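Undergrad: Encoded as structure tokens, here's the structure I'll be asking about.
The values are calculated or read from the model by the stated rules, or taken from the named source; none is laboratory data. All values reported here derive from a predicted model rather than from experimental measurement. Neighbour counts are summed over all protein chains in view; Cβ atoms, including those assigned to glycine, are modelled from backbone coordinates with ideal geometry. Note: areas computed on protein heavy atoms with side chains; ligands, DNA, RNA excluded. Shrake-Rupley method; radii C 1.70, N 1.55, O 1.52, S 1.80 Å.
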Amino acid sequence: MQYNSTRDNSICVNAADAIKTGLSKEGGLFVPKSIPKVELSQIDALKDKTYNERAFFVLGKFLTDFTDDELWNCINSAYTKAKFETNAIAPVYELNDSTYVLELWHGPTCAFKDMALQILPHLLTTSMKKTDESNEVVILVATSGDTGKAALEGFKDVNGTRIIVFYPDNGVSEIQKRQMVTQEGNNVSVAAVKGNFDDAQNGVKKIFTDNEYKELLNRNGFSLSSANSINWGRLVPQIVYYFSAYADLIKAGKIVCGDKVNIVVPTGNFGNILASYYAMRMGLPVARFICASNENNVLTDFINTGTYNKNREFHTTISPSMDILISSNLERFLYDLADNNDALIKDWMEKLSIDGSYTVSDDVFKKMQDMFYGGFSDDAETMAAIKSVAADYDYVMDTHTAVAKSVYDKYVAKTADKTKTIIASTASPFKFNQSVLIALKDFDYVVGKDEFTMLDELSDIGNMPIPKSLAELKDKPVNFEIVCDKDEMRQIVSDFLAVD
Ligand SMILES: *Cc1c(COP(=O)(O)O)cnc(C)c1O
């Protein structure tokens, strides 16, 4: 399987190169040259397989330059009961007889980013070996909260790699911040950026496209790579769990193989929902994709109008991992919808970078409308969804998953669609304990309470155990106190690597 760049498809590399480089040199994203197909009978057969076997089946379709041994090694290093606290890895919870919650947060950092970031370091180090890379790989991450910690956990102490994470100073939850600044490992660094997520992401992108700087790093024995969801190695593991959830529903007798399901995804950078779209393109029976946004509803407007316009107020919400105005992975989706027309994608992305907006062609707009529903939920609606799900089903959702549930409810109210539906649940409620407690109780209830008291209370109220990694945070020392301006990010990288 070869990979092309979305902005210049004369560029053609294998999977190992795509994963090692992260981003193509002219700024495009790597995409498979063609999307591999699977038969319904093969999907049906997944029902009797373990998560790791399902992963082997899906990853093998894309990472054709990896040997079976290499793939198994990556998969079995990533998805273990020790790390995910459940053999199912990504279990499906039945909310009612038509709504199923795909829990993607049983990994070490309690958010769905672990699904990809536990395996990425192994895919990456394997890719380095395969391409005879002698440089040390430096992972640069801009995070809206969850990616950063998940990447730090995935890469810490992995030989031949270093990792530096930038997070928006006031754009992450207290727990998220604490998870990052207490990070351990001998190859890690963490810095806060004064600004929002887009500032951090743009700063990282700038470093990535600064060829002179990359030359300097190269001379010092370093190659940059990315753990953001623009890296193909981040995206491909996410395709697996949509097949896995579907197989679980077959196994449980909730659907028969071939039945179409809806998929609802709380969306930020468009990575997770894109993975579900690729699953459908491979052959997974999907009726409709429901793209759920918070008040940063640039994608809702895009799906409804065909115009992407990031020129709008940025909102800091209770679902901070979705506080994003530039959804990078949309580029891959549009490339596919536009039948791999790289010139068109290049044009739209240039317009986005110059004017902050672009309008897709009628053809692309129509295809998108046929498959996607876009909606958003404001904080009050999200809170209400947490409360009503807890009351109706005795099940506590985090703020991101609740955005998805709220948008899904609006969708059903509007369409009366009774298709069985999988909601991607992207974080443990404990990770956003304050907002969840406010939703379940009220604001006064949490005033003056510290994070750890709130963890205990949420555990009592929801009758759920506190994830071990969060409970342990209390006693960990702060290792990182760097705060920088967005134009100082390059210097922070240089300092960390000791290059001038
Ligand atoms: C990253 C994240 C999202 C958004 O996922 P994308 O792939 O960026 O669309 C949603 N919820 C949580 C909890 C996240 O960490």
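Undergrad: Looking at the stretch 342-361, can you tell me whether even one residue there is within 16 Å of the ligand (Cβ to nearest atom) and open to solvent by 30 Å² or more (accessible area, probe 1.4 Å)?
TA: Checked against the condition, which is being within 16 Å of the ligand (Cβ to nearest atom) and open to solvent by 30 Å² or more (accessible area, probe 1.4 Å), the stretch 342-361 yields no hits at all.
Undergrad: Something else: Of all residues in the stretch 315-341, count the ones that are in a loop (DSSP other than H, G, I, E, B), within 15 Å of the ligand (Cβ to nearest atom) and among the hydrophobic types (A, V, I, L, M, F, W, C).
TA: The total comes to 4.
Undergrad: In addition: Among Arg281, Arg288, which is more than 16 Å from the ligand (Cβ to nearest atom), modelled with pLDDT of 95 or more, open to solvent by 10 Å² or more (accessible area, probe 1.4 Å) and touching a strand residue (DSSP E or B) at 6+ places or on another chain (Cβ under 6 Å)?
TA: Unique residue meeting the criteria: Arg288.
Undergrad: Val101: at pLDDT 95 or above, open to solvent by less than 10 Å² (accessible area, probe 1.4 Å), within 16 Å of the ligand (Cβ to nearest atom) and more than 15 Å from the chain's Cα centre (by Cα), yes or no?
TA: yes
Undergrad: May I ask you to list pairs of residues, at least six apart or on different chains, whose Cβ atoms are under 7 Å apart, with the first in the stretch 317-336 being under 28 Å from Ile35 (Cβ atoms) and without any contact (Cβ under 8 Å) to a residue 24 or more places away in the chain and the second being more than 9 Å from the ligand (Cβ to nearest atom) and open to solvent by 10 Å² or more (accessible area, probe 1.4 Å)?
TA: Qualifying pairs under 7 Å: none.
Undergrad: Would you check if there is a residue in the stretch 217-231 being hydroxyl-bearing (Ser, Thr, Tyr) and within 16 Å of the ligand (Cβ to nearest atom)?
TA: Yes, that holds for at least one residue.
Undergrad: Next up: Can you name the number of the only condition in (1) in contact with a helix residue (DSSP H, G or I) (Cβ under 8 Å, 6 or more places away or on another chain); (2) touching a residue at least 40 places away in the same chain (Cβ under 8 Å) that Gly60 fails?
TA: (2)
Undergrad: Next question. Of Lys149, Lys83, which residue is part of a helix (DSSP H, G or I), more than 15 Å from the chain's Cα centre (by Cα) and either among the basic types (Lys, Arg) or within 16 Å of the ligand (Cβ to nearest atom) (or both)?
TA: Details: Lys149 fails: more than 15 Å from the chain's Cα centre (by Cα).
Every option except Lys83 fails the conditions.
Undergrad: Please work out if Thr399 is within 24 Å of the chain's Cα centre (by Cα), among the hydroxyl-bearing types (Ser, Thr, Tyr), open to solvent by less than 10 Å² (accessible area, probe 1.4 Å) and within 15 Å of the ligand (Cβ to nearest atom).
TA: Yes, satisfied.
Undergrad: Now for a different question. Taking strands (runs of 3 or more DSSP E) that fall entirely within the stretch 1-61, which contain at least 3 residues that are closer than 22 Å to Glu331 by Cβ and open to solvent by 10 Å² or more (accessible area, probe 1.4 Å)? Before the answer, list the steps.
TA: Numbers: elements: 2-5, 8-14, 30-32.
Because the criterion is at least 3 residues that are closer than 22 Å to Glu331 by Cβ and open to solvent by 10 Å² or more (accessible area, probe 1.4 Å), the strands (runs of 3 or more DSSP E) in the stretch 1-61 that meet it are 8-14.
Undergrad: While we're here: Please go through (1) at pLDDT below 95; (2) touching a helix residue (DSSP H, G or I) at 6+ places or on another chain (Cβ under 7 Å); (3) outside any helix (DSSP H, G or I) for Ile423 and return the number of the only condition it doesn't satisfy.
TA: For Ile423, the exception is condition (1).
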